[in-house]
Amino acid sequence: MRTPILGFAFFLSSVGMQHQSLPPKSTPGFDRERLNAVIEPVVRAHGAELVDVELKNENGWVLRVFVERLGALTEKMSTKQAAIALAVCADIARDLSPALDEADPVPHRYHLEVSSPGVERPLKREADFARFTGEKAKLKLRNAHAGQKVVVGVLAGVDGGTVAVDDGAQRLAIPFDDILSARLVFEFGPASKPGGSKPGKKKKGKS
């Protein structure tokens, strides 16, 4: 039996397990639909919902499964509200490991990690962009909009397959199909208001 490796990272809690098989000769592709079909029933059985799956080579292949609390999307929870406890991640990884071994969707050695997506959550569906309206995000685009292929701004809603983003200078209307990838951008502390006073010493009033 494999031994879980537990750890925390801010709002991200994760658990990992090692899977053994032949090492790949080249970068593998993977059937996302087949992988999701194995993962989603296990995740939902533990009161969670699947956010994303990624397979990366980081001095060894890592299969990351990102999960949130069940209902996070429909109830438009914040990333903090939707975060999954470490114990739940461990339970999901424990049950998911043999299911992946049986289905064998990744035909080589890899490390399985199950976690919440954290405060810089990936945005994958139109519903994600609608859910996080008013939040800052970074979008990488297939085609340039207003001369930009990378846009950082505040999400301003979704209408008819178009995502609205305020970049501070203008509102961009970006077709959803033109977005290659996107994620939330975490900022420490409240953003300063335009035209607000700069911090400094208060002047003493005249007596």
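Here, each number is a calculation from the coordinates, and none is a lab measurement. As the structure is a computational prediction, the values presented were derived from the model and not from experiment. Heads up, the Cβs are rebuilt from the backbone with ideal geometry, glycines too, and the neighbour counts pull from every protein chain shown.
Charging the Cβ of each Asp and Glu at -1 and of each Lys and Arg at +1, and nothing else, the dipole of region 29-118 about its Cα centre rounds to 260 debye.
For Val185, the amide hydrogen comes within under 5 Å of the amide hydrogens of Lys136, Ala137, Lys138, counting only partners 5 or more places away or on other chains and with H modelled in the peptide plane.
Karplus-derived 3J(HN,Hα) values for region 63-69, using 6.51 cos²θ - 1.76 cosθ + 1.60 with θ = phi - 60°, are 9, 9, 10, 9, 9, 9, 4 Hz; glycine and proline are entered as x. Amide H contacts under 5 Å for Leu112: Met17, Gln18, His19, Leu63, restricted to partners 5 or more places along the chain or on a different chain, H placed in the peptide plane at 1.01 Å from N. With 0.36 nm allotted per residue and the present C-alpha distance subtracted, the Lys80-Arg125 stretch has 14.3 nm of extension available. Backbone amide hydrogens, once placed in the peptide plane, bring Asp52 within less than 5 Å of Phe66, excluding anything fewer than 5 places away on its chain. Per-residue Karplus couplings for region 109-122, computed as 6.51 cos²θ - 1.76 cosθ + 1.60 with θ equal to phi - 60°, are listed in order as 5, 7, 10, 8, 10, 10, 7, 6, x, x, 6, 9, 5, x Hz, Gly and Pro entered as x.
Between Arg142 and Glu33, the simple spin-label model (points 7 angstrom out along Cα→Cβ) gives 1.9 nm. Each residue of region 151-162 was assigned a 3J(HN,Hα) from its phi angle through the Karplus expression (A = 6.51, B = -1.76, C = 1.60, θ = phi - 60°), giving 10, 10, x, 8, 5, 10, x, 10, 8, x, x, 10 Hz with x at Gly and Pro.
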